[in-house]
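Before any comments, here is the structure.
The values are calculated or read from the model by the stated rules, or taken from the named source; none is laboratory data. Since the structure is predicted, the reported quantities are computational estimates derived from the model, not experimental observations. Neighbour counts run over all protein chains shown; Cβ positions are idealised from the backbone, glycine included.
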Amino acid sequence: SGDETLSVLHDVLGDGLRVQLLRVLESSDSAWYYTEIERETLRKKAEATLSGIAQRLREAGNDASTAIVEGKADEEIVRVADDFGAELLAMPTHGRAGLSRLIFGSVAERLANMGHRPLLLIPAAYSSNSNDEAD
């Protein structure tokens, strides 16, 4: 999740970061299965989640902004990163496999192949492993 990604970024880079939090809602071409009501629900949930994370980042001394865009995830991530002047992309992995990966593909893999900037991938298992060690 985004919280685990931010935790790793903090561990690696410390405070004083300039962070653009981004949520891409897949365009209607690739997300035909969402109704307009579901889409609006996704947008509101994303806004609430990103706002909360941005607030925590600011309280920790970081410069944080949010964006919610629609389109193809890899293309929108690159576009927003270019506009923002990002030096690093950091994102959680969902660990999709099988049919899900075949249908949706791997955004992380496509971003890595584009090679526009460094990409830090945070495995979905990071948070559960970290919590196990803390117990």
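One table, with the values for the structure above:
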read-out	value
Residue in the stretch 27-48 that is buried (at least 17 other Cβ atoms within 10 Å of the Cβ) and in contact (Cβ under 8 Å) with a residue 40 or more places away in the chain present	no
Any hit, the stretch 4-16, residues being modelled with pLDDT of 90 or more and surrounded by 14 or more Cβ atoms within 10 Å (Cβ to Cβ)	no
Inter-residue pairs, beta-carbon under 9 Å, first closer than 21 Å to Ser7 by Cβ and in the stretch 70-95, second of a type in the set (Asp, Glu) and surrounded by 17 or more Cβ atoms within 10 Å (Cβ to Cβ), 6+ apart	Pro92/Glu4
Where a residue in the stretch 52-64 is assigned to a loop (DSSP other than H, G, I, E, B) and its partner, wherever it lies, is at pLDDT 90 or above and among the β-branched types (Val, Ile, Thr), with Cβ under 9 Å and at least six apart	Asn62/Val19
